[in-house]
Amino acid sequence: MPTTAYLALGSNLGDRLEHLRAAVRKLDATEGVDVVRSSRVYETEPVGPPQPAYLNAVIQVDTTLAPRDLLESALGVEDSLGRVRAERWGPRTIDVDILVYDERTVDEPDLVIPHPRMHERGFVLIPLSELDADAMLPGGRRLSTHRLPPDAVFGVRPFAPPLPIEPG
């Protein structure tokens with residue numbers, strides 16, 4: 001039986017919107033992953049070193065993949081779209097992060113679910129709330145009861161409608 005997961009997508013190099021669209025297509029073409037829907041696309045201020053603004057969205061997927069396999073698929077999509085890991089929180093063609101995997105928690109050196117910093121980031125929580133207003137946050141908290149600090153929403157601006165999802 002498929003599991004519902006939410007993935008964050010971000011891009012700030014090249015044709016940012018096309019990178020997000022391509023990531024959706026590639027994820028949807030992955031065996032065991034069905035992209036169900038997308039939030040709107042937001043333009044956001046970067047976190048980390050000086051760099052161009054990001055486009056961010058969250059997608060809902062139904063997956064038969066285990067969390068580790070879903071991560072490997074996400075990393076494969078990043079690699080296929082030219083992701084270079086040169087600097088922590090540096091610019092990138094595409095970033096795909098697993099935010100939530102059903103109600104499960106995972107705590108491994110390179111995979112933590114729910115995403116450990118998602119509750120601090122308006123560019124994640126605003127699009128996620130469009131898809132699941134009561135999503136699980138780190139520590140067992142829920143999005144519906146979480147208050148974002150005012151500075152978390154600074155610089156999060158609607159940019160485009162939801163990413164296209166191919167009927168499947």
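No value in this document is a laboratory result; all are computed from the given coordinates. Here the structure is a predicted model, which means the values were calculated and not measured. Note: ideal-geometry Cβ built from the backbone for every residue, glycine included; neighbour counts use all protein chains shown.
Could you tell me which label, among (i) 42; (ii) 38; (iii) 28, carries the value of percent of Cα pairs over 24 Å apart calculated for this structure?
(iii)
Please identify the chymotrypsin sites (Phe, Trp or Tyr not before Pro) of segment 1-95 that satisfy two criteria: DSSP loop assignment and at most 15 other Cβ atoms within 10 Å. Which are they? Please report the intermediate quantities before stating the final value.
Numbers: sites: TYR6, TYR42, TYR54, TRP89; in loops: TRP89.
When the chymotrypsin sites (Phe, Trp or Tyr not before Pro) of segment 1-95 are filtered for loop state and at most 15 Cβ neighbours within 10 Å, TRP89 remain.
Under a point-charge model restricted to the Cβ atoms of Lys and Arg (+1) and Asp and Glu (-1), what is the dipole moment magnitude of segment 3-160 relative to its Cα centre, in debye to the nearest 20?
Values: 18 positive and 25 negative charges, 92 e Å.
It works out to roughly 440 debye.
Run the numbers for ASP134 and GLU72: contour at 0.36 nm per residue of separation, minus the present Cα-Cα distance, in nm.
On the way: separation 62, 0.36 × 62 = 22.32 nm, distance 2.66 nm.
Extending this stretch completely gives an extra 19.7 nm.
Zone of ARG117 (label point 7 Å along Cα→Cβ, backbone N under 12 Å): which residues in segment 1-27?
none
Projecting each Cα onto the charge dipole of segment 3-160 (Lys/Arg +1, Asp/Glu -1 at the beta carbon, about the Cα centre), which of PHE154, GLY14, LEU128 comes out farthest on the positive side?
PHE154
Relative to the Cα centre, what is the charge dipole magnitude of segment 21-94, using +1 at the beta carbon of each Lys and Arg, -1 at the beta carbon of each Asp and Glu, and rounding to the nearest 20 debye? Before the final figure, lay out each step's value.
Working: 10 positive and 11 negative charges, 42 e Å.
It comes to approximately 200 debye.
At R0 = 35 Å, how high is the FRET efficiency between ARG147 and ASP79 if r is their beta carbon distance? Nearest 0.05 is fine.
Values: r = 37 Å, r/R0 = 1.06.
For R0 = 35 Å, the calculated efficiency reads 0.40.
If R0 is 25 Å, what FRET efficiency do you get for ARG25 and MET1 from their C-beta distance, rounded to 0.05? Don't jump to the answer; show the numbers that get you there.
Values: r = 25 Å, r/R0 = 0.99.
Taking R0 as 25 Å, the efficiency between ARG25 and MET1 is 0.50.
Could you list the residues of segment 44-75 with an amide nitrogen less than 17 Å from a label point located 7 Å from the Cα of LEU17 in the Cα-to-C-beta direction?
Zone members listed by number: 44, 53-58.
Between segment 95-155 and segment 12-43, how many Å separate their Cα centres?
What the calculation gives is 18 Å, centre to centre.
Charges on Cβ only, +1 for Lys and Arg, -1 for Asp and Glu, centred on the Cα centroid of segment 3-160; of ALA57, LEU137, VAL47, which one is farthest towards the dipole's positive end?
Going by the charge dipole, the pick is VAL47.
When only Cα pairs under 8 Å and 6 or more residues apart are kept, what is the percent relative contact order across the chain? Intermediate values should be presented prior to the final figure.
Values: 346 pairs, mean separation 52.7, N = 168.
Reported relative contact order: 31 percent.
With a 10 Å Cβ neighbour count serving as the proxy for reagent exposure, in which order, fewest first, do ASP132, ASP79, ASP95 appear? It would help to have the intermediate numbers written out before the result.
Numbers: ASP132 18, ASP79 12, ASP95 21.
Listing ASP132, ASP79, ASP95 from fewest to most nearby Cβ atoms yields ASP79, ASP132, ASP95.
Provide the per-residue ³J(HN,Hα) series for segment 20-29, in order, calculated from phi with Karplus coefficients 6.51, -1.76, 1.60 and θ = phi - 60°, each as a whole number of Hz, with x at glycine and proline positions.
Using θ = phi - 60°, the values come out as 5, 4, 5, 4, 4, 4, 5, 5, 5, 7 Hz.
Give me the dipole magnitude in Debye, nearest 20, for segment 54-144 about the Cα centre, with unit charges on the beta carbon: positive for Lys and Arg, negative for Asp and Glu. Intermediate results must be reported in sequence, preceding the final value.
Working: 10 positive and 17 negative charges, 69 e Å.
Roughly 320 debye, rounded to the nearest 20.
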